[in-house]
Amino acid sequence: MTAGVVTSPARPDRATAVIVGLLAIAVFINYVDRGAIATAAPLMKDALRLSNSQIGILLSAFFWTYTPGQLLAGHLAERSGAYRVLALGLLIWASATALTGLAGAFAMLLGLRVLLGIGESAFFPCSSKLLAEALPPHRLGAANGLIGVGLALGPAFGTLAGGLLMAQFGWRAVFILFGLVSLIWLWPWLAATRHPPHRAEMRGWVGPAPTFGAIVRRRAAWGAALGHFTSNYAFYFLVFWLPLYLVKGRGFSLVNMAQIGGLIYLVYAVAIMTAGWASDRWMAAGASANQVRKTFIVVGSLGVAVSLLSCALGGPVQAVASLLAAAVFFGFQMPMIFSIGQTLAGPGAAGKWMGFQNCVGNIAGIVGPLITGWLVDRTGAYVWALAVAAGVSVLGALAWGVMIPKIAPLAWARET
């Protein structure tokens, strides 16, 4: 027997807009807190006498728990409710951020990065579950685009405001400030989700969610997961190594780094919103999800590869221009990464699907910083690190474009 989607009316637009808006704010907080260590890295490196390899370990450690945590979060989102799981996750990650400001040694920083990964692992499985239940496929681009703007502005704010604040008050005070302010989000979220609608009022699922075993047997799931890995590998270079690259690799001051980094993320935010809106409009005009989503994600993958190679081979001015171009192509990718998974999985499997896809995708967060740190330590430059990121991005075009046969809702056999 094939499980299906009920045809009851979707959640009212106003309630949906509130939830999507709060999710966008949550991912903004997520990336401010996650990326704060990258902004602080030039100061931490000197204050605590850390090597590039140790910085790489700290960046990687977040993903030691964040990556496998995706599977648990996906399971809990289906079983215990995505609203509550996300609230608990934010409480954990905000606390870890604030405590980082009190860390006095590498070991404590390492433990708090692991705790941060546990908390932040809740976001994407929960948000994907909520969006897939509330919205049809042709509206997922704009919704994921808005969330993507929050994702982009988080690093922008963290890099620009965080960098300026750290230059003035030091990195410890900024971590404590970011962590405590993050907790404020819980108040509107708990108020908005106090009486969540039943599944029958949304694009709910008839029957239990498909198992992880059913998901991993799908070729499309592996195409999306590997594509997500390649997109993350290149993007995490930008998120975690941009401050050190601009300051240590290109000779910019901390203030100039903050200004350049902030501009890059602002361009990224505009590109995300534009791509999400344009993709939905293209589908509304009659194009298929397969044609639209694949076009944006493949062009984005190849564009990132070319931009990173140009960054590696040029001088400081060309490097900044290339990073701005890369931000545009990253923006092409972001709404598609999640709308593709949400479309393929459907409302009944979106939490677990995104848990699996994001789990594989964030293995890039484990290996990427380690590879980059090792290459920079061995070569004394960032050329080979950028070249590797570009090559991985080319492989992403193949994963998204070829491994996924067709981007359309999959039929799930109910397992008993």
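So which residues in the stretch 159-194 are surrounded by 15 or more Cβ atoms within 10 Å (Cβ to Cβ) and either touching an Asp or Glu at 6+ places or on another chain (Cβ under 8 Å) or part of a loop (DSSP other than H, G, I, E, B) (or both), if there are any at all?
Scanning the stretch 159-194 gives F178, G179, S182, T193.
Can you list residue pairs whose Cβ atoms sit under 7 Å apart, with the first residue in the stretch 256-283 being closer than 17 Å to G148 by Cα and the second being among the aliphatic types (A, V, I, L, M) and surrounded by fewer than 19 Cβ atoms within 10 Å (Cβ to Cβ)? Count only pairs 6 or more apart in sequence or on different chains.
I264/L324; V267/L324
What tally of residues in the stretch 104-139 results from selecting those that are under 16 Å from the mean Cα position of the chain (by Cα) and either at positive phi or assigned to a helix (DSSP H, G or I) (or both)? Before you say what the answer is, go through the steps one by one.
Taking the stretch 104-139 as the starting set, the residues that turn out to be under 16 Å from the mean Cα position of the chain (by Cα) are 116-129, 131.
Now restrict to residues that are either at positive phi or assigned to a helix (DSSP H, G or I) (or both): 116-120, 123-129, 131.
Residues flagged as under 16 Å from the mean Cα position of the chain (by Cα) and either at positive phi or assigned to a helix (DSSP H, G or I) (or both) within the stretch 104-139 amount to 13.
Being part of a helix (DSSP H, G or I) and touching a strand residue (DSSP E or B) at 6+ places or on another chain (Cβ under 8 Å) is true for just one of A214, A275. Which residue is that?
On the way: A275 fails: touching a strand residue (DSSP E or B) at 6+ places or on another chain (Cβ under 8 Å).
Result of the check over A214, A275: A214.
Residue check, I297 against (1) surrounded by fewer than 23 Cβ atoms within 10 Å (Cβ to Cβ); (2) at pLDDT 95 or above; (3) in contact with a helix residue (DSSP H, G or I) (Cβ under 7 Å, 6 or more places away or on another chain), all met but one. Which one?
(1)
Out of the stretch 96-114, which residues are within 15 Å of S60 (Cβ to Cβ) and either in contact with a Lys or Arg (Cβ under 8 Å, 6 or more places away or on another chain) or touching a residue at least 40 places away in the same chain (Cβ under 8 Å) (or both)?
Residues satisfying the conditions are F106, L109, L110, R113, V114.
Hey, among E78, E120, E133, which residue is more than 21 Å from N362 (Cβ to Cβ), touching a Gly at 6+ places or on another chain (Cβ under 7 Å), touching a residue at least 60 places away in the same chain (Cβ under 8 Å) and not small (G, A, S)?
Of E78, E120, E133, the one residue that is more than 21 Å from N362 (Cβ to Cβ), touching a Gly at 6+ places or on another chain (Cβ under 7 Å), touching a residue at least 60 places away in the same chain (Cβ under 8 Å) and not small (G, A, S) is E133.
So which of R139, R79, R84 is basic (K, R) and in contact with a helix residue (DSSP H, G or I) (Cβ under 7 Å, 6 or more places away or on another chain)? Give the steps one after another, and end with the answer.
Values: R79 fails: in contact with a helix residue (DSSP H, G or I) (Cβ under 7 Å, 6 or more places away or on another chain); R84 fails: in contact with a helix residue (DSSP H, G or I) (Cβ under 7 Å, 6 or more places away or on another chain).
None of the other options fit; the residue is R139.
Considering each of F240, F235 in turn, give the residue that is modelled with pLDDT under 80, closer than 27 Å to L71 by Cβ and within 24 Å of the chain's Cα centre (by Cα).
F240
Restricting attention to the stretch 207-251, which residues are surrounded by fewer than 20 Cβ atoms within 10 Å (Cβ to Cβ) and either in contact with an Asp or Glu (Cβ under 9 Å, 6 or more places away or on another chain) or among the acidic types (D, E) (or both)?
Result: P208, T211, G213, A214.
The values are calculated or read from the model by the stated rules, or taken from the named source; none is laboratory data. Quantities reported herein were computed from a predicted structural model and do not represent experimental measurements. Cβ atoms come from the backbone with ideal geometry, glycine included; neighbour counts cover every protein chain shown.
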